[in-house]
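Some notes on the structure that comes next.
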Amino acid sequence: MKIYKLKTGYTEFLGALLQKGKNVIAPRFAGRTLLFGKIDKAEEAVLPEKYINTVRSAKEFMFPVTEAVVEFSFRNKDVKIHDAHPEEDEKLIVGLRPCDAAAFTITDDIFNYEYKDEFYLTRRRNAALITFACESIDEACFCTSVGLKPDSIQGSDILFKKNSAGTYIAYVNSEKGQKVIDSVKELFEEVIEVVEDIPLYRDLENKMRSPLDTVKIKEWLDKNFESPLWDEYSSRCLGCGSCAYLCPTCHCFDIVDETKYSQGLRRKNWDACQFPLFTLHASGHNPREVQSKRYRQRVMHKFKYYSDRFNKTLCTGCGRCVRSCPVNLDIYQVVSELTKEETA
Amino acid sequence: MNNIYKPYLAKIDEVRQETPDTKTFRLSFTDPEEAEKFSFKAGQFGEYSSFGDGESTFCIASSPTRKGYIECSFKVVGKVTNALKNKDVGDVIGFRGPYGNSFPIEDMRGKNLIFVGGGIGLAPLRSLIWNCLDLRQEFGRITILYGARSVSDLCYKDELKEWEERSDVDFVKTVDPGGETSDWDGKIGFVPTVLKELAPEPENTVAITCGPPIMIKFVLANLSELGFKPEQVVTTLENRMKCGLGKCGRCNVGKTYVCIDGPVFTARELEALPVDF
Ligand SMILES: Cc1cc2nc3c(=O)[nH]c(=O)nc-3n(C[C@H](O)[C@H](O)[C@H](O)COP(=O)(O)OP(=O)(O)OC[C@H]3O[C@@H](n4cnc5c(N)ncnc54)[C@H](O)[C@@H]3O)c2cc1C
Ligand code: SF4
Ligand code: SF4
Ligand code: FES
């Protein structure tokens, strides 16, 4: 891994990338909401020290909210279908946090096993993830509970951290990352000496909510599918789905046709297991007919099922579901309290 | 690009009205190259589309031993099935598949088979039944128990007659009490009850069952009472599906994806799943 010192600030770095004609996606305000979006001027991007995280995660750049997968037309008995193509342009996603970068290494497993979802995988191949270590956290963050840290490099092509002088140090983690550095080489200087470990990141790590014991959580979940606590802890849940939509690792979707006259598109749209229709059979039978079963599915999928199948926890502790839940259902708190109960 | 969501185009060559609300399509792929390459196993399913309306999951109801076409039978219940209902011979629909695992036909060789079907649940069994009958000498005794709510709800009526007349098949048909007609010559009673009366020997036998969830539940219980071990009982699970590819998350039961790990499970495998289907 090569390490570089950035000779300028964040804005100049983005400016240089834009000048080289790069397609840059960075956190910027859309109204009052901080979201990832394509920027045309470096000044549009919000400085990494000014935010904890974006409202929606970066997942939509691999797995869009809605996308066509097939195009078709029909006129009487004459039906034609075509592939819809994911955009193939290269993207630099800049200013994301370690939890969002790590999320892709988790969802890669689902889109890349057995049947390959080229819509996700094409975008994934064409995107470089340029992460900035966290400089502040809030009470919703819990990445240390799921094996991450405010300065984790997992999933990043480049990770930027500050040294105590406030200079950005770039840790290059892949060939893709190296290419980005090479494209604006004039801004960087290679660092040979050992880089100091910045107390800021360790401080944040220590300030974070005390680590969850994911092994113990899983053991409890293994035994407590039928626990009455599910009703108790989820009784407030409205089934609004915000948690799933904002989550960087949630990946469920629907497939829906849209038509206008004799032309149409078949689309993949985000969906959520928190909605009652998600599992409703045409017969009227619904295996998860009440919200407590749907909430249980969410927690089980994150902390048990995904690790049973892919050996990974389906959560990066980004805290979005905690911040956004209209009834303050806090997944960290729920799993810590559930596992305290000796009902096993 | 290899687009896993893109269906083949398939032409409807034949339409049969099985019951007042169930139809069978015989389909052939419009692209001869695709038709040539295509193969499947009994128990697998597909995503069938009416373009503009969406996709629906049905098993492949014909036998892999009968080449050049596939058949599906569907009950009209909602949006897509209502759209398909109005299609006719010559119309073109979409098909993705074959998906899922299949019946363990290799393990059934040399054994007695008892098929227990209810309603439209006969569709996947029919694929396996014809598969086995086309290789008749490879299996022991073959018993088929089939029931529906009423006489008019019985699917594949011509084939039922054929099985009834064959000397190498024991065929029993039944309808729910109240569903009989004056000329009904089968049994009257629920499938699980008739199964118990029939009392098949578990020795060297595999039971394969498919039907509405409530029927399957009682059939499994009764087979167990008759001495069948959970390894000897095979069934198919139904969960709402969209992708059929283990991606969309809809058919999850625990870590299992019914669409790629199933839809065929032994009763032993079902015991290990959370009750979430
Ligand atoms: C493996 C498998 C094999 C099946 N085989 C057959 C068969 O051979 N014949 C048959 O008649 N039915 C079969 N079904 C059930 C069939 O898929 C549904 O009845 C059908 O999808 C309803 O579609 P709809 O659009 O008309 O209903 P709607 O109620 O309008 O359905 C809305 C959506 O829900 C989905 N959906 C609803 N119920 C089910 C369900 N039980 N299973 C899967 N998806 C569902 C549909 O894909 C549809 O997109 C099978 C289901 C599975 C899982
Ligand atoms: S955001 Fe909160 S209320 Fe909404 S579905 Fe998730 S847990 Fe339930
Ligand atoms: S479950 Fe909540 S905390 Fe975990 S990754 Fe998803 S949104 Fe973030
Ligand atoms: S149907 Fe999509 S995961 Fe099984």
Vicinal HN-Hα couplings computed from phi for the range A:170-186 (Karplus, 6.51 cos²θ - 1.76 cosθ + 1.60; Hz; Gly/Pro x): 9, 9, 8, 10, 7, 4, 4, x, 4, 4, 5, 4, 4, 6, 10, 3, 4
Gain upon complete extension [B:LEU135, B:GLU14; 0.36 nm per residue less C-alpha separation]: 41.0 nm
Where a label projected 7 Å from the Cα of A:LYS20 along Cα→Cβ would reach, residues of the range A:177-194 with amide N under 16 Å: A:177-190
Mean residue ellipticity (222 nm) of chain B, computed from DSSP H runs ≥ 4 via -39,500 (n - 2.57), nearest 500: -6500 deg cm²/dmol
Net +/- balance of residues flanking A:SER242 in space, Cβ distance below 14 Å, scoring K and R +1, D and E -1: +4
Over the range A:40-126: Rg over Rh, Cα atoms, Kirkwood Rh: 1.10
Inter-label distance, nm, simple model (7 Å from Cα along the C-beta direction), A:VAL195/A:GLU71: 4.4
Computed label-point distance, nm, for sites A:ARG32 and A:PHE310 using a 7 Å Cα→Cβ extension: 3.6
Contact order relative to length of the range B:1-47, as percent, for alpha carbon pairs under 8 angstrom and 6 or more apart: 29
Peptide A:281-288 - average C-beta neighbours from other chains (10 Å radius): 6
Among A:297-309, B:51-63, the order from most to least packed when residues are scored by Cβ within 10 Å on average: B:51-63, A:297-309
Computed label-point distance, nm, for sites A:GLU258 and A:GLU12 using a 7 Å Cα→Cβ extension: 4.4
At least 30 Å along the helix axis (C-alpha) and Kyte average at least 0.5, DSSP helices within chain B: none
Using a Förster distance of 22 Å, the FRET efficiency for B:ALA221-B:GLU180 (Cβ separation, nearest 0.05): 0.30
Long-range amide H partners of B:VAL116 with built H, under 5 Å: B:LEU145, B:ILE208, B:THR209, B:CYS210
Karplus-derived 3J(HN,Hα), 6.51/-1.76/1.60, for each residue of the range A:265-274, Hz, glycine and proline x: 10, 9, 10, 9, 10, 3, 9, 8, 5, 7
Karplus-derived 3J(HN,Hα), 6.51/-1.76/1.60, for each residue of the range A:296-307, Hz, glycine and proline x: 4, 4, 4, 5, 4, 4, 5, 10, 10, 4, 5, 7
A:LYS185-A:SER210 FRET efficiency (beta carbon distance; Förster radius 35 Å; 0.05 resolution): 0.20
Contact order relative to length of the range B:1-84, as percent, for alpha carbon pairs under 8 angstrom and 6 or more apart: 26
Separation of alpha-carbon centers, the range A:1-54 and the range A:304-336, rounded to whole Å: 28
10 Å binning of all Cα-Cα separations within chain A, expressed as whole percents from 0 upward: 5, 23, 30, 24, 13, 5, 1, 0
√(5λ) per eigenvalue of the Cα gyration tensor, the range A:161-222, largest first, Å: 35, 19, 9
Most mobile of A:TYR51, A:TYR295, A:TYR171 in a GNM of chain A (Cα contacts under 10 Å): A:TYR51
Percent of alpha-carbon pairs separated by more than 18 Å within the range B:127-277: 63
Helix-derived mean residue ellipticity, 222 nm - over chain A, DSSP H n ≥ 4, -39500 (n - 2.57), to 500: -8000 deg cm²/dmol
Rg(Cα)/(2.2 N^0.38 Å) for the protein assembly as shown, N = residue count: 1.11
Amide N of the range B:1-24 lying under 18 Å from the label point, which is placed 7 angstrom from the Cα of B:LYS37 along Cα→Cβ: B:1-11
Other protein chain Cβ atoms within 10 Å, averaged over every residue that makes up B:45-51: 3
Using a Förster distance of 45 Å, the FRET efficiency for A:ARG202-A:ASP231 (Cβ separation, nearest 0.05): 0.65
Burial ranking of peptide ranges B:28-36, B:152-160 (average Cβ count within 10 Å, highest at the top): B:152-160, B:28-36
GNM top mover of A:PHE111, A:PHE188, A:PHE72 - chain A, alpha-carbon springs below 10 Å: A:PHE72
For A:77-88, mean number of other protein chain Cβ atoms within 10 Å: 4
Gyration tensor (alpha-carbon) shape descriptor, chain B, a/c threshold 1.5: prolate
Normalised convex hull volume, the range A:280-324, alpha-carbon set, Å³ per residue: 99
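Here, each number is a calculation from the coordinates, and none is a lab measurement. All values derive from a computational prediction rather than experimental measurement. Glycine gets a Cβ as well: all are built from the backbone with ideal geometry, and neighbour counts include every protein chain shown.
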